[in-house]
């Protein structure tokens, strides 16, 4: 009976997948859109968002592209807009397009759903399953897979921001010293981008490449601010851009900005120390203190037991 149930479940899943692929492949659901009809006559430098043209999928994309494209459109409807998602990918320094990231989300969702299906089949084989709870488990696993990929992206952004904030005071001091020594603002940024190492210096290298490609220096600074998404660094870059535009003595501005950065670093350090006080008390209260009490009471209890 157990073997028949497993084969019946596998057959039902196969038939369901085949029916879904057949429905998604109907000509009614795959009518070319206006953009697709005009694409052969209009040359665009923007990357194509169609999965059927993605080289990473190969020939399998021609079979599964309609279903995947429909799933991507549903993700775009119920998730963040592509512009905001592209900004988050830039903040994480990932060389992925929005379509590639959506494809990774679909892969995580499919993997989580597959694990849930395996668990459901195992529960059905043991006779402890119900179709309603099985449906809920598979749906929850699918949503969890999408959420886990998004959480991984958020964690990468947080780690990168923390590294840049740790490097920021040193970079600000070096920029102030370079300008005080006689360098211009672009020259100081170029010197520091070559001398420093880390996440922030990598972004400064990109800033100088955009400047050398013809982008105005102040526009490149503001573009870097929008790319990083770190308010502390954004205020520093905006201050430099305003000083360059208005002709303010840059050395004084950078020295003032560097002093503000030092104070910000001290304040962040004090706040971190304040938050860590509770975590530092945990081993004392739950580890050292009970051990001390045991060592203090054990001799008296031993004497009492001997006297008794």
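The values are calculated or read from the model by the stated rules, or taken from the named source; none is laboratory data. Small disclaimer: the values here were computed from a predicted structure and weren't measured. Here Cβ is always computed from backbone atoms with ideal geometry, including for glycine, and neighbour counts include all displayed protein chains.
Answer yes or no: is there a residue in region 190-207 that is more than 23 Å from the chain's Cα centre (by Cα) and not in a helix (DSSP H, G or I).
Checking region 190-207: at least one residue is more than 23 Å from the chain's Cα centre (by Cα) and not in a helix (DSSP H, G or I).
Exactly one of these conditions fails for residue 76: (1) modelled with pLDDT under 70; (2) more than 29 Å from residue 229 (Cβ to Cβ); (3) touching a helix residue (DSSP H, G or I) at 6+ places or on another chain (Cβ under 7 Å); (4) in a helix (DSSP H, G or I). Give me its number.
Exception for residue 76: condition (2).
Yes or no: region 106-115 includes at least one residue that is within 26 Å of the chain's Cα centre (by Cα), closer than 30 Å to residue 233 by Cβ, at pLDDT 65 or above and surrounded by 15 or more Cβ atoms within 10 Å (Cβ to Cβ).
If we filter region 106-115 for residues that are within 26 Å of the chain's Cα centre (by Cα), which is where we start, we get 106-115.
When the remaining residues are screened for being closer than 30 Å to residue 233 by Cβ, the result is none.
Scanning region 106-115 turns up no residue that is within 26 Å of the chain's Cα centre (by Cα), closer than 30 Å to residue 233 by Cβ, at pLDDT 65 or above and surrounded by 15 or more Cβ atoms within 10 Å (Cβ to Cβ).
Out of 171, 138, report the one residue that is in a helix (DSSP H, G or I), under 30 Å from residue 10 (Cα atoms) and touching a helix residue (DSSP H, G or I) at 6+ places or on another chain (Cβ under 6 Å).
Just a single option satisfies the conditions, and that option is 138.
Only one of these is free of Cβ contacts under 8 Å to residues at least 40 places away in the same chain, over 20 Å from the mean Cα position of the chain (by Cα) and closer than 26 Å to residue 87 by Cβ: 143, 118, 138, 215. Name it.
215
Return yes or no: is residue 128 surrounded by fewer than 18 Cβ atoms within 10 Å (Cβ to Cβ), at pLDDT below 80, outside any helix (DSSP H, G or I) and out of contact with any strand residue (DSSP E or B) (no Cβ under 9 Å at 6 or more places or on another chain)?
Spelling it out, residue 128 is indeed surrounded by fewer than 18 Cβ atoms within 10 Å (Cβ to Cβ), at pLDDT below 80, outside any helix (DSSP H, G or I) and out of contact with any strand residue (DSSP E or B) (no Cβ under 9 Å at 6 or more places or on another chain).
Just name the residue that is nearest to the chain's Cα centre (by Cα) out of those in region 146-182 that are without any contact (Cβ under 8 Å) to a residue 60 or more places away in the chain and within 30 Å of residue 247 (Cβ to Cβ).
It comes out as 167.
Yes/no per residue for (1) surrounded by 11 or more Cβ atoms within 10 Å (Cβ to Cβ); (2) farther than 23 Å from residue 91 by Cα:
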residue: 225; (1), (2): yes, no
residue: 231; (1), (2): no, no
residue: 248; (1), (2): yes, yes
residue: 253; (1), (2): yes, yes
residue: 261; (1), (2): yes, no
residue: 265; (1), (2): yes, no
residue: 268; (1), (2): yes, no
residue: 288; (1), (2): no, yes
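Checking residue 265 against (1) more than 24 Å from residue 187 (Cα to Cα); (2) without any contact (Cβ under 8 Å) to a residue 40 or more places away in the chain, which test does it fail?
(2)
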